[in-house]
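Peer 1: Before I ask anything, let me first share the structure, which is written out below as C-alpha cells.
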Amino acid sequence: MEKVVVAVADDHLDELPAVLADLRQAGLVVDSVQEVLGTVTGSVDASAFGKLQAVPGVAVVQRERGFQLPPPDADVQ
C-alpha cells in the first residue's frame, strides 16, 4: 500500500461526499479529509493509483514522501 494525498478540484468541493465515495470505490482507504483545503489522505494499492486519478473531481494524486530525522543524540554533521 502506498500513502497518497488527493487534491479535489475547486469546482467539485461542493460534491466532496460523492468524490470520497468514488475514491473509496477506486480503492482508497481514507485516513483523513481536510474539507477546507480540499485534500484527502489515505492508502491505496500501487496497482490502483491510476484509478484514483481517473475519479471525476480529482485534480491531482501525489504519493506521500517520507523522511527520517536522526535521533536527538546523533552526531549530525
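Peer 1: Mind checking which residues of region 40-61 are under 13 Å from the mean Cα position of the chain (by Cα) and part of a helix (DSSP H, G or I)?
Peer 2: Ala46, Ala48, Phe49, Gly50, Lys51, Leu52, Gln53
Peer 1: Just one of Ala74, Ala46, Ala9 is among the small types (Gly, Ala, Ser) and open to solvent by 50 Å² or more (accessible area, probe 1.4 Å); which is it?
Peer 2: Unique residue meeting the criteria: Ala46.
Peer 1: On the given criteria, is Asp75 touching a strand residue (DSSP E or B) at 6+ places or on another chain (Cβ under 8 Å) and of a type in the set (D, E, K, R)?
Peer 2: Judged against the criteria, Asp75 is not a match.
Peer 1: Take the residues of region 23-39 that are open to solvent by 70 Å² or more (accessible area, probe 1.4 Å) and modelled with pLDDT of 95 or more: which is farthest from the chain's Cα centre (by Cα)?
Peer 2: Looking at residues that are open to solvent by 70 Å² or more (accessible area, probe 1.4 Å) and modelled with pLDDT of 95 or more, I get Gln25.
The values are calculated or read from the model by the stated rules, or taken from the named source; none is laboratory data. The shown structure was predicted, so the numbers you read here are calculated from the model rather than taken from an experiment. Glycine gets a Cβ as well: all are built from the backbone with ideal geometry, and neighbour counts include every protein chain shown. Just the protein is used for accessible areas: all its heavy atoms, side chains included, with ligands, DNA and RNA removed. Shrake-Rupley method; radii C 1.70, N 1.55, O 1.52, S 1.80 Å.
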